[in-house]
Amino acid sequence: MAHTHTHIQSRMAGMAVMDLACLIFGALVGVRVRIGPAEWLDYARAHPERWLLLFGAVILANYLTGGYRIQSAYSRFNLVVTWLFSLLFAVLLLSLTSYAWLKMAPGRGVLALTLAAYSALALTLKLLVYQRLFRSESFVCRTVIMGTGPRAREMRRIVESNAVLPLHRVVGFLRPVRRGAEEDRAVAAGSRQSGEALDGLPIKECADANVRAEALRFSPHLLIVGLDDLRDVRQCYPELKRLRFEGVEVLTPLKVAETYVGRIPLDQIDEEYLMHASMESGLPAIRRIKRVFDLTVSCLGLTILAVPMALLALAIKLTDPSGPVLYVQERVGLFGARFRMIKFRTMRQGAESDTGPVWSAPDDERVTTLGRALRRFRLDELPQLLNVLRGDMSLVGPRPERREMTEQLDREIPYFSERLNVMPGLTGWAQIRYPYGNSVADARRKLEYDLYYIKNLSASLDLQILLSTLRVAALGKERTL
């Protein structure tokens, strides 16, 4: 897993503490209402292990679903889904422990009232207070950027995005300067304020040996290295390390992209980085867990959705009797192995007979009216549960491409073959973070998201992706730039 930075840990801790406070309030309300004013305090004190298990289960579920992470945009739908999952997870865990250890969970009446009171308070706070709280001055993350060029501006745009909570505010820029020895000593002796500004914020010039002192003048929580030529930062390493140990988080452009956007920029990595990333990936440890989960969900999904899928097949046949219901296409899977992927047909018969393999455009004329609706709600992907069951695909992973597209993109995009090191998925991190793409540039950007997924792969990230995919399927909303 990626390192959790100190300025993010405080936000995660704040969210967890708020949830814990809501749980304690819910427990007090539940016990008092159910047991009565005379004995409620004795009941609450009698079995502390029950409350610890309940509180831990809810907070763990919120963590697993990404309720405390920084790179997610504010979404009421996601908050409600996370809340619902946390309750189901807590009840499941309590049920299992109660069966194993007999009477472990609180009574059903107390549990129901506790969760109801917790839900009412927690949802109200998150829906009404959440944004105001983490945009307040108490939680603002004061940020200094080293650099004044295009990359520095890009770093500011990322961290000051409305999707980032708590609020990040860039308070100034540092411009390291290199002069002769005498001039360097003069600059190190005190700040040389150039009087310049960048987008309304002050620029302070400083020698390499004085970066720490000048940065601390801004009282920052975070310093971002935003130099256009990152080779220039090497001379500042001693100062940056000192800042880090003094409690100021220091991030490179690569770490900023990973932390706040959830992608790994291709222009900032090499084979050595990818080797280290493969060593950090959690895939070897959770490969079997993913497979068991894939088998379970695909079996349940095919069973539960058998009737709706049959009705969709009938609708496709009735609206376009000339073609088949299913569309079978060769795709490239794990380690380059080819397999036949199954989808509900959404295009007219023979759509590529004249053009050959081409990308589908958002308003593609080849897509049928029914097919457009199926694509909007991702219903055309349902038959791929059979591919998941057969082991060709996983529920979550990079989307598989056609052989012709894979060969083309492998020639034009560096490291494109890296995505073949994991099982392709029915949905993926790139699919929920980036809109539908139909160009090499789009494929390049999606690869950056795929590389992030491969490096940070975990059961928690898979769960977050699945819940976000449910949002698209339920609301028919595609992510937009």
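The values are calculated or read from the model by the stated rules, or taken from the named source; none is laboratory data. Keep in mind the model is a prediction, meaning the values are calculated, not measured. Every residue, glycine among them, receives a Cβ derived from its backbone with ideal geometry; neighbour counts consider all protein chains shown.
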Notebook entry, point to check: Here is a list of conditions, (1) assigned to a helix (DSSP H, G or I); (2) under 15 Å from residue 381 (Cβ atoms), and residue 284 meets all of them except one; can you say which number that is?
Noted result: (2)
Checklist line | Failed item, numbered, when residue 414 is tested on (1) farther than 16 Å from residue 295 by Cβ; (2) touching a residue at least 12 places away in the same chain (Cβ under 8 Å); (3) touching a Ser or Thr at 6+ places or on another chain (Cβ under 9 Å) | finding: (3)
Checklist line | First in the range 212-237 and in contact (Cβ under 8 Å) with a residue 40 or more places away in the chain and crowded, with 16+ Cβ neighbours inside 10 Å, second anywhere and of a type outside the set (Asp, Glu) and part of a loop (DSSP other than H, G, I, E, B), Cβ under 6 Å, 6 or more apart | finding: 214/191; 220/248; 223/248; 225/252; 226/147; 227/147; 233/227
Checklist line | Scan of the range 145-178 for residues that are of a type in the set (A, V, I, L, M) and without any contact (Cβ under 8 Å) to a residue 40 or more places away in the chain, ordered by number | finding: 167, 170, 177
Next item on the list: Enumerate the pairs (first residue in the range 282-309 and more than 16 Å from residue 427 (Cα to Cα) and in contact (Cβ under 8 Å) with a residue 60 or more places away in the chain; second residue anywhere and among the small types (Gly, Ala, Ser) and not in a helix (DSSP H, G or I)) with beta-carbon separation below 6 Å, excluding pairs fewer than 6 apart on the same chain, so at least 6 apart or on different chains.
Entry: 282/458
Item checked: In the range 447-477, the residues that are crowded, with 19+ Cβ neighbours inside 10 Å, among the charged types (D, E, K, R) and out of contact with any Pro (no Cβ under 8 Å at 6 or more places or on another chain) -> 455, 462
Next item on the list: Among the residues of the range 366-398, count how many are in contact with a Gly (Cβ under 8 Å, 6 or more places away or on another chain) and of a type in the set (S, T, N, Q).
Entry: 1
Item checked: Selection within the range 130-155 - assigned to a helix (DSSP H, G or I) and crowded, with 22+ Cβ neighbours inside 10 Å -> 152, 155
Item checked: Out of 241, 204, sole residue that is farther than 30 Å from residue 447 by Cβ, of a type in the set (Lys, Arg) and outside any helix (DSSP H, G or I) -> 204
Note to self: Can you say whether residue 124 is modelled with pLDDT of 85 or more, in a strand (DSSP E or B) and either of a type in the set (S, T, N, Q) or crowded, with 18+ Cβ neighbours inside 10 Å (or both), as far as the supplied structure shows?
What the structure shows: no
Margin query: Pairs needed: first member in the range 100-113, assigned by TED's automatic domain parsing to the domain that holds residue 23 and assigned to a helix (DSSP H, G or I); second member anywhere, modelled with pLDDT under 75 and surrounded by 20 or more Cβ atoms within 10 Å (Cβ to Cβ); C-beta distance under 9 Å; at least 6 residues apart or different chains.
Written below: 111/105
Notebook entry, point to check: Within the range 279-299, is even one residue of a type in the set (Val, Ile, Thr), in contact with a helix residue (DSSP H, G or I) (Cβ under 7 Å, 6 or more places away or on another chain), surrounded by 12 or more Cβ atoms within 10 Å (Cβ to Cβ) and not assigned by TED's automatic domain parsing to the domain that holds residue 460?
Noted result: no
Check: Somewhere in the range 41-53, is a residue modelled with pLDDT of 75 or more, in a helix (DSSP H, G or I) and either under 30 Å from residue 473 (Cβ atoms) or touching a strand residue (DSSP E or B) at 6+ places or on another chain (Cβ under 6 Å) (or both)?
Finding: no
Next item on the list: Go through the range 255-268 residue by residue and tally those that are in contact with a helix residue (DSSP H, G or I) (Cβ under 8 Å, 6 or more places away or on another chain) and either surrounded by fewer than 18 Cβ atoms within 10 Å (Cβ to Cβ) or part of a helix (DSSP H, G or I) (or both).
Entry: 9
